[in-house]
Amino acid sequence: MNIFTIKEMTITSLQAELASENTTSVELVQTYLERISVADSNDDGTNSVLEINPDALFIAEQMDKERREEKLRGPLHGIPILIKDNIDTADGMHTSAGTIVLADNFAKQDAFIVRKLREAGAIILGKVNMTEWANFMSEPMPNGFSGRGGQVRNPYGSFDVGGSSSGTGAAIANNLAVVGIGTETSGSILSPSSNNSLVGIKPTVGLLSRNGIIPIAHSQDTAGPMTRTVQDAATLLQVVAGRDEADPATLSAPPLPDYTEFLEKDGLNGKRLGIDAQTLNNLAPEKRELMEKAFTALREQGAELIEVKVPEITRESSVLYHEFKHGVNRYLRTVAAHLPAHTLKEVIDWNRINTDTALLHGQDILEAAEKTDGTLKQTDYLQDRLADIRESRTEGLDQVMIDAELDAIIFPSYYGCDIAAKAGYPSITVPAGYTEAGEPFGITFTAGAFEESTLIEIGYSYECATQHRKAPN
């Protein structure tokens, strides 16, 4: 196998190659490392991979040994995967959220989802760059930039790479690993997935454990799959989802289904889907045309499309500022004593001292968050949190979906991510084509809590009917 034949290969196709002994997990890791060296340079590549796992080849050797002994762990056995730099790994890699202040942070234990990946036999190939502090540092900061890693570039051209899981988006789109993990607070999986012609699943908050992920907001944070196909996304979601006794958000989740059972080509037949017409009015004519073609494809597959009006939440909410200070202070208490910051205030002060390297785009969001008291009892926080729930759920997505008897709501690109994020509801983004200039464009479907199976049905059926994704040149 070489760096060209490996392009666009899926979990299923690679497992077939491994089973037939046409390749080994060691060869896969070596091939992806070669591709990273060629396609991810700082000068003219995607600049998406921050660091390589020093244990990757050793883990691959172990997975090959287990395969020879017929001790397969599941569909991810021996499959190389990349994960975002805000997810803890207790190994030779750092966890920095793209920051310089945490550039020497080695986590003491794996995040819960990382443990599940390792148990499933996945090979964590490395960590990817991201928008610093998951895009919660500075208003002027461009998507994909971090002080530690520099600027991530879109492999399709000079287009917005999306944020904050930009490194995952660019790396998986550019075939630098089989699949990847991103995280989202509001749009951070959906945006880079749409912008890099990927499938991204932003799960219901509570389907995946948040333990071991540097937080933004506990009410909205979640990790999720970013892949080149819906089948790979469903397979990866199956592995990382599940109950964690240490994360209360996961304790009320319903029993976990087998998401791969919902990969039905006729999954759109009979589905009622709402079109949020007002978001279409914000599109450039070329992208509006892509959406109209998507609507035609959906109808041809048996879906019924109903025009609806999803309420816009225009009120400014303080929730993220309050929850960020509370969450990040809690996380920073766990890092090693030799690191220069153990509170948000210390991060801000350290950045000010190291302005030339750490503050290329400022830190106005960090400073605004520091002004909260970190107790989650201030009046503005409590009122805004309750209003977010009411406006996004009761008077928002729930009301629209009940009134129109919908299975899901359609949004162009990653529009609608804000209301779904506040509600904690799931979405899936699937490639929907390209502009004449080659810019990727996605379509997003949003459903009710823990309706990932419905979204996988819809996304897979649409993907099978359209087959839009193509690899970047």
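FYI, it's all coordinate maths here, none of it is from the lab. Remember, predicted model here, so these are calculated numbers, not experimental data. Reconstructed Cβ throughout: ideal geometry from the backbone, glycine too, with neighbour counts over all protein chains shown.
Here region 230-273 is assigned +1 on the Cβ of each Lys and Arg and -1 on the Cβ of each Asp and Glu. Its dipole about the Cα centre then comes out at about 280 debye. Around the amide H of residue 217, modelled in the peptide plane, lies no amide H under 5 Å away from a residue 5 or more places distant or on another chain. Rounded to the nearest whole Hz, the Karplus-based 3J(HN,Hα) values (6.51 cos²θ - 1.76 cosθ + 1.60, θ = phi - 60°) of region 357-362 follow the sequence 9, 9, 10, 5, 10, x, with x at glycine and proline. For region 297-315, list residues with backbone N below 19 Å from a point placed 7 Å from the Cα of residue 364 toward its Cβ? Residues passing the 19 Å test: 315. For region 56-96, the residues whose amide N sits under 19 Å from a probe point set 7 Å from the Cα of residue 339 along the beta carbon direction are 83-96.
Taken about its Cα centre, region 314-473 carries a charge dipole of about 580 debye when Lys and Arg each add +1 at the Cβ and Asp and Glu each add -1 at the Cβ.
Shown is the FRET efficiency for residue 390 and residue 51, computed with R0 = 45 Å from the Cβ-Cβ distance and rounded to the nearest 0.05: 0.55.
What value, in deg cm²/dmol to 500, does the helix sum -39500 (n - 2.57) over DSSP H runs of n ≥ 4 give at 222 nm once divided by the residues of the chain?
Values: 18 runs with 168 residues, N = 473.
About -10000 deg cm²/dmol.
For the peptides 180-192, 80-92, the ranking by packing is 180-192, 80-92, with the highest mean count of neighbouring Cβ atoms within 10 Å listed first. Taking 7 Å steps out from each Cα toward its Cβ at residue 300 and residue 37 produces label points 4.5 nm apart. To make sure I understand the rule: partners must be lysines, Cα under 16 Å from the Cα of residue 371, and not fewer than 8 residues away in the same chain. Which ones qualify? Within the straight-line cut-off, residue 371 pairs with 325, 345. With θ taken as phi - 60° and the Karplus curve 6.51 cos²θ - 1.76 cosθ + 1.60 applied, the whole-hertz 3J(HN,Hα) list for region 10-16 is 10, 4, 5, 5, 6, 5, 5 Hz, x standing for glycine and proline. The charge dipole of the chain, taken about its Cα centre with unit charges on the Cβ of Lys, Arg, Asp and Glu (plus for the first two, minus for the last two), comes to roughly 440 debye.
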